[in-house]
Every structure is written in C-alpha cells, then in structure tokens.
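Input: a single structure, listed below in structure tokens.
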Amino acid sequence: MKNLACNRIFALITILMFASALLISCNKESNEINNNQFVDKLVELATQQYLNTPIVTAGDDETYSLNNNGLPDVYLASSSGFDTKVAANPLINCIKSVKLTDKQALEVRKALSVYEEHIQILMKNQREEFAKMEARFIAARKELISRAAGVKDREELEKKIIALKAEFEKAVKAFKEKNAPNLSAPYKTLITTLGTILEKRQWDAFTKCLTR
C-alpha cells in the first residue's frame, strides 16, 4: 500500500511538472507570436512613414527637396543618439522611456550600432539617387523659365512647372516603393532584437510609445 501511494504521488508530481513545462512553453510561444505581430506592425508603420514623407519646396526658386532625404525619423535612430541626454528621435525616446538596466542599455547600444552599419550604406545610396533627381528637375525648371523669358503668358508657365513637380513626385514615389524593402529589412532586425532585450512590460510600453 505504501509503495502504491508513493507511486501515485510520484505520478502526480510528474504530471504537474509536465503540465507546468507545457504551460511555460505555451506562454513563451504566445509571447513570441505577439512579439512578431508587433514587430510586423512597427515595421509596416515605419514603411508607411517612409513612403509618405512629403516633398517640400524652399526658397524663391522653389528648389525641390525631401525632409531627412526622404527618410522617417525612426530610420535615423543611432547609437550616438542613444547616448545623448536629449534625443529627438522617436525610437530612441521610446526605448529610453522603459527604464533600461545597465546591461540592457549596453545591448541596445550594440543593436543600434549594427543597425547603423547596415542602414548607412542604404541611406547613402538614397541620398545620391535623390540628389540626381533633384538636379534633373531643377535644371528642367530653369530651362522652362529661361524659354519663357519675356513671354506674357505666365499662366502657361505655371502649369508647366506644376506638371514638372508632379513628375518629380511620381519619380520619387516610384523609387521609394522599389527601395522600401531594402530599408525595412535592417529596421525589422533592429526591432526584433530589441524585442529579445526588453522584458514583456518594457516591450509593451515601448510598442505603445512607438505607435502613438
């Protein structure tokens, strides 16, 4: 009887241990799924910001240009920005707001450094491409104005300039749509890495902050 009771207790303990392990595993998988969903959401949000960064004109000659070379602020997150006391970058502000431990801060800094290495080459290529676009359309605008010198019909000239700007915006949009996956890839890696560094409560606060 004693052995039977011991066997039952042992079996019960084994079942409880198995159930606990299964519950922990399920919770872990659930957290990973939720994290992945939020990663995709944050990446998509940044991509839309990238695609929708407006074209602006500046100066009397209405020079065509792009804010931050057409990049959303979150793409400009950097390790040096992380170390400044006052950070203007939204991603840096949000990651700092979750009160990192010293170890986490070190890991975040490393993740940002790796991200910078990848993104800087892509940013350089984009700046160069946009500079070429701007130069072409500025030259075309000057050519229109030069040909219209002395012409009374200024309304026709304005229509051509508006059409030229629309053509520039179309070219920029096409380039961005083609380039978006290149920029979102290292950003997704960064966000995924941050998800492994932060505790659940920190991750929840971080994602909430970044999606506000």
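What the table below lists for this structure:
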item: Trypsin sites (Lys or Arg not before Pro) restricted to DSSP loop in region 95-137 with at most 13 other C-beta within 10 Å; result: Lys99
item: Relative exposure of Leu157, Leu66, judged by other C-beta atoms within 10 Å (fewest first); result: Leu157, Leu66
item: Cα-Cα over 25 Å, subset of Lys103/Lys208; Lys176/Lys200; Lys124/Lys176; Lys132/Lys160; Lys124/Lys160; Lys96/Lys200; result: Lys176/Lys200; Lys124/Lys160
item: Mean Cβ count within 10 Å, highest first, over the residues of peptides 201-212, 180-191; result: 180-191, 201-212
item: Positive minus negative residues near Gly70 (Lys, Arg vs Asp, Glu; Cβ under 9 Å); result: +2
item: Residue order, fewest to most surrounding Cβ atoms within 10 angstrom, among Glu128, Glu155, Glu107; result: Glu155, Glu128, Glu107
item: Spread of Cα-to-Cα distances over 5 Å intervals beginning at zero, given as percent, for region 63-128; result: 3, 16, 25, 23, 15, 9, 5, 2, 1, 0
item: Enclosed volume per residue, in Å³, of the convex hull spanned by Cα atoms of region 74-212; result: 138 Å³
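Read the figures in this text as sums done on the coordinates, not as results from a lab. Keep in mind that what you see is a predicted model, and the values were worked out from it rather than measured. In this analysis, Cβ positions are derived from the backbone assuming ideal geometry, glycine residues included, and neighbour counts consider all displayed protein chains.
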